[in-house]
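Worksheet: one structure, shown below.
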Amino acid sequence: MQFSAPLINGILIKRYKRFLADIQLDNGTIVTAHCPNTGKMLTCSTPGSKVYLSLSDRAQRKYAYTLEMIQVGDTWVGVNTARSNKVVAEAILLGRIAELRSIERIAAEVKTSSHTRLDLQLTQGKRNIYMEVKTCSLAINGCAMFPDAVTKRGSKHLQELIRLAEEGSEACIFFLVQRMDADRFAPAVHIDAEYGKNLHDAIAAGVKILIYQACINPQGIDVVKPLPFISEESKCLPK
């Protein structure tokens with residue numbers, strides 16, 4: 001996925017109120033940007049870090065700037081979770097997801113029950129796969145982890161995937177790791193034990209787990225390779 005317009009660089013002053021971030025631009029101007037990320041952005045919200053913003057031309061927006069990525073060490077980390085579904089859908093249609101190269105059509109925001117919507121529905125002939133996409137921006141000791149905050153909504157999505165799988169549908173959870181300094185993935189049980197349990201229950205119920213890493217840069221976000229799943233979080237945390 002390529003950005004439709006050049007991004008604007010700056011320095012993070014602080015992130016606050018969950019969805020806001022103050023940024024100092026190169027010309028010294030301080031702007032408040034929308035931060036579309038419901039997590040805590042652990043390891044990727046340090047004041048003084050370099051960031052890139054997009055600028056909307058929609059006059060009705062309260063905050064014209066959007067925080068897109070932040071530099072952590074030598075890697076850029078994508079933090080705009082609103083882009084993840086598009087990135088994954090594009091990668092599937094381009095044949096970059098080995099397990100899903102036969103997919104013909106993709107629908108977004110599919111209602112699967114009276115109280116739940118899932119991110120994507122993939123279709124190949126009469127075959128349907130229901131998919132939930134999660135953005136992973138946290139990495140500890142070279143291990144990507146999700147979630148970085150307690151997520152009741154995330155557990156709800158897993159429970160819906162379990163229900164679909166038990167009813168005979170194909171169901172999938174897709175973790176998009178938006179940083180290149182990780183070489184494996186594990187559930188962050190130390191942050192949200194319930195989510196970790198639900199993820200293992202989902203796998204046991206037949207829900208497919210896919211983990212792919214994306215390369216982030218000011219030009220775009222490209223899915224590049226799969227990462228292995230480590231079921232035991234203790235193997236990834238520092239001793």
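Inspect all residues belonging to region 17-31 and state whether any of them is surrounded by 13 or more Cβ atoms within 10 Å (Cβ to Cβ), closer than 25 Å to D74 by Cβ, in contact with a strand residue (DSSP E or B) (Cβ under 9 Å, 6 or more places away or on another chain) and among the β-branched types (V, I, T). Yes, there is a match, as at least one residue in region 17-31 is surrounded by 13 or more Cβ atoms within 10 Å (Cβ to Cβ), closer than 25 Å to D74 by Cβ, in contact with a strand residue (DSSP E or B) (Cβ under 9 Å, 6 or more places away or on another chain) and among the β-branched types (V, I, T).
Figure legend. Inter-residue proximity from region 102-113: first residues over 14 Å from E160 (Cα atoms), second residues among the small types (G, A, S), beta-carbon distance below 6 Å, spacing 6+ or different chains. Indicated pairs: I106/A89.
Would you tally the residues in region 13-45 being over 18 Å from T135 (Cα atoms), in a loop (DSSP other than H, G, I, E, B) and small (G, A, S)?
Initial filter on region 13-45 (over 18 Å from T135 (Cα atoms)): 13-17, 20-33.
Now restrict to residues that are in a loop (DSSP other than H, G, I, E, B): 17, 26-29.
Filter again for small (G, A, S), leaving 28.
Residues that pass the stated criteria total 1.
Scoring V224 on the criteria (1) part of a loop (DSSP other than H, G, I, E, B); (2) surrounded by fewer than 16 Cβ atoms within 10 Å (Cβ to Cβ) leaves a single failure, condition (1). If you go through region 91-106 and keep only what is of a type in the set (G, A, S) and either under 13 Å from C172 (Cβ atoms) or more than 18 Å from the chain's Cα centre (by Cα) (or both), you end up with G95, A98, S102.
I need a count of the residues in region 169-198 that are assigned to a strand (DSSP E or B), within 23 Å of E90 (Cα to Cα) and among the small types (G, A, S). Result for region 169-198: 1.
Only one of S45, S102, S4 is surrounded by 16 or more Cβ atoms within 10 Å (Cβ to Cβ) and at pLDDT below 95; which? Talk me through it step by step, then tell me what you get.
On the way: S102 fails: surrounded by 16 or more Cβ atoms within 10 Å (Cβ to Cβ); S4 fails: surrounded by 16 or more Cβ atoms within 10 Å (Cβ to Cβ).
None of the other options fit; the residue is S45.
Across region 154-168, not a single residue is classified as at pLDDT 95 or above, assigned to a loop (DSSP other than H, G, I, E, B), touching a helix residue (DSSP H, G or I) at 6+ places or on another chain (Cβ under 9 Å) and in the same structural domain as V87 (by TED's automatic domain parsing). Selection over region 46-90 of residues that are part of a loop (DSSP other than H, G, I, E, B) and either in the same structural domain as F174 (by TED's automatic domain parsing) or in contact with a Leu (Cβ under 9 Å, 6 or more places away or on another chain) (or both) gives a count of 8. Among the residues of region 121-152, those that are within 16 Å of the chain's Cα centre (by Cα) and closer than 17 Å to I209 by Cα comprise M131, E132, V133, K134, T135, C136, C143, A144, M145, F146, P147.
Of the numbered criteria (1) under 17 Å from the mean Cα position of the chain (by Cα); (2) under 29 Å from V51 (Cβ atoms); (3) surrounded by 20 or more Cβ atoms within 10 Å (Cβ to Cβ), the one L118 fails is (2). Looking for something within 17 Å of the chain's Cα centre (by Cα) and not in a loop (DSSP other than H, G, I, E, B) - is there at least one such residue anywhere in region 2-12? Looking through region 2-12, at least one residue is within 17 Å of the chain's Cα centre (by Cα) and not in a loop (DSSP other than H, G, I, E, B).
Being buried (at least 18 other Cβ atoms within 10 Å of the Cβ) and either at pLDDT below 95 or not in a loop (DSSP other than H, G, I, E, B) (or both) is the filter here, so list the residues in region 199-221 that pass it. Those that are buried (at least 18 other Cβ atoms within 10 Å of the Cβ) and either at pLDDT below 95 or not in a loop (DSSP other than H, G, I, E, B) (or both): L199, A202, L210, I211, Y212, Q213, A214, I216, I221.
The values are calculated or read from the model by the stated rules, or taken from the named source; none is laboratory data. Computed from a predicted structure; not experimentally measured. We place every Cβ from the backbone using ideal geometry, glycine too, and count neighbours over all the protein chains shown.
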